[in-house]
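Notes for the one structure printed next.
The values are calculated or read from the model by the stated rules, or taken from the named source; none is laboratory data. Everything numeric in this text was worked out from a predicted model, so none of it was measured. Every residue, glycine as well, gets a Cβ built from its backbone with ideal geometry; the counts of neighbours run over all protein chains shown. What goes into the accessible areas is simple: the full protein's heavy atoms, side chains included, and nothing from ligands, DNA or RNA. Shrake-Rupley method; radii C 1.70, N 1.55, O 1.52, S 1.80 Å.
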Amino acid sequence: MRAMILPQPRASLIPALLPDPEPGPGQILIAVHACAVCRTDLHVMDGELPHPKLPLIPGHEIIGSVLETGPGVERFHLGDRVGIAWLGWSCGECVYCRSGRENLCDRARYTGYQIDGGYAEMAVADARYAFPVDPSYTDIEAAPLMCAGLIGYRALRAVGEVKRLGLYGFGAAAHIVIQIARHWGQRVFAFTRTGDEAAQALARDLGAAWAGGSEEPPPEPLDAAILFAPVGALVPTALRAVVKGGTVVCAGIHMSDIPSFPYDILWGERVIRSVANLTRRDGEEFLALAPRIPVRTRTTPFPLAQANEAVEALRCGTVTGAAVLTF
């Protein structure tokens, strides 16, 4: 199979021809049809997430069809279309797994990080961590739902029922979250890189009440904010923008250091919290909700051979919506 592999952190992806993988017990072999490019991929490639499998096939927003099932697999059959997300395995035995918090499992393994992912023509996945994909979505449209959508949904649930929501960083995740928030009757204020008129225009097109630069104050106080941009300096900025009792959710898996800030912008029972990974329940709930809204993704396709270009476009902020590798 053709694949793009990461030989070591802070290196470019290298095209390779690898033996076709084979599914083991409980696993499925997937023909990859599309794989979205996520900011988490950048953190893995840049060495900001420690101890990846090396060499590694990145990618954890996979849409494909089942080519082969391993022993013991009954959930899926040949030809079924499935989605594969970041959480690829958890132990099922620890206190986190047994309390419905498998996203915090200390032994968890992740697709495109400890498990080879979707920057390849084929991928192997644990069948228990695969999801059916609604037929109303094409492969390219569905790929961003598998992480941008899932993490965004979990972050939005962490915010709770609020009227005025700020989204800091308006990329793949935020452009999905705004559609859920608007469906739930929330007013959304979008914050982008200064001067990113394309992202601001997309936010307004998707129903944002206001869109501007991340350093600008919103036109009215926020009840909550979600930070998708991995910029620690935005935490104090968001705290200053939310009302007393408001919540600031840090939704990325990696963030630059948060600078010191005066206690008075936290006081008033404001809350800072993170969102870590996702659970299978998140996937089931969100993938059932998305077609009912319906959530529509904006994508920029790249052929597999241009994976490095897709990664750099995401890094530079020149992708509107989500970059998706196609096969």
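Tell me, which strands (runs of 3 or more DSSP E) wholly within segment 1-48 include 1 or more residues that are open to solvent by 10 Å² or more (accessible area, probe 1.4 Å) and closer than 22 Å to R128 by Cβ? It would help to see each step written out before you state the result.
Working: elements: 2-5, 14-17, 27-37.
Fully inside segment 1-48 and qualifying: 27-37.
Based on this model, can you work out whether G232 counts as open to solvent by less than 60 Å² (accessible area, probe 1.4 Å), at pLDDT below 95 and over 22 Å from H183 (Cα atoms)? Criteria not met by G232. Scanning segment 302-318 for residues that are over 21 Å from P230 (Cβ atoms) and either in contact with a Ser or Thr (Cβ under 9 Å, 6 or more places away or on another chain) or surrounded by 19 or more Cβ atoms within 10 Å (Cβ to Cβ) (or both) turns up F302, P303, L304.
Checked against the criterion of being among the hydrophobic types (A, V, I, L, M, F, W, C), in contact with a Gly (Cβ under 7 Å, 6 or more places away or on another chain) and assigned to a loop (DSSP other than H, G, I, E, B), the candidates A173, A229 yield just one match: A229. Selection of segment 49-66 for residues being crowded, with 16+ Cβ neighbours inside 10 Å and hydrophobic (A, V, I, L, M, F, W, C) yields L49, L56, I57, I62, I63, V66. Looking at P25, P50, which one is free of Cβ contacts under 8 Å to residues at least 12 places away in the same chain and farther than 20 Å from T318 by Cα? Only one candidate qualifies: P50.
Please work out if R281 is loosely packed, with under 14 Cβ neighbours inside 10 Å and either without any contact (Cβ under 8 Å) to a residue 24 or more places away in the chain or closer than 20 Å to F189 by Cα (or both). Let's see the steps before the verdict.
Working: loosely packed, with under 14 Cβ neighbours inside 10 Å: yes; either without any contact (Cβ under 8 Å) to a residue 24 or more places away in the chain or closer than 20 Å to F189 by Cα (or both): no.
Taking the combined requirement at face value, the residue does not satisfy it.
You will find that of I272, I265, I258, I226, the residue that is in contact with a helix residue (DSSP H, G or I) (Cβ under 6 Å, 6 or more places away or on another chain), open to solvent by 50 Å² or more (accessible area, probe 1.4 Å) and among the β-branched types (V, I, T) is I258 and no other. Checking each residue in segment 170-190 for being in contact with a Pro (Cβ under 8 Å, 6 or more places away or on another chain) and open to solvent by less than 20 Å² (accessible area, probe 1.4 Å) picks out I176, F189.
The single condition from (1) in contact with a helix residue (DSSP H, G or I) (Cβ under 6 Å, 6 or more places away or on another chain); (2) touching a residue at least 60 places away in the same chain (Cβ under 8 Å); (3) among the small types (G, A, S); (4) over 17 Å from R296 (Cβ atoms) that A211 fails is (2). The set of residues in segment 78-121 that are small (G, A, S) and open to solvent by less than 20 Å² (accessible area, probe 1.4 Å) comprises G83, A85, G88, S90, A108, G112, G117, G118, A120.
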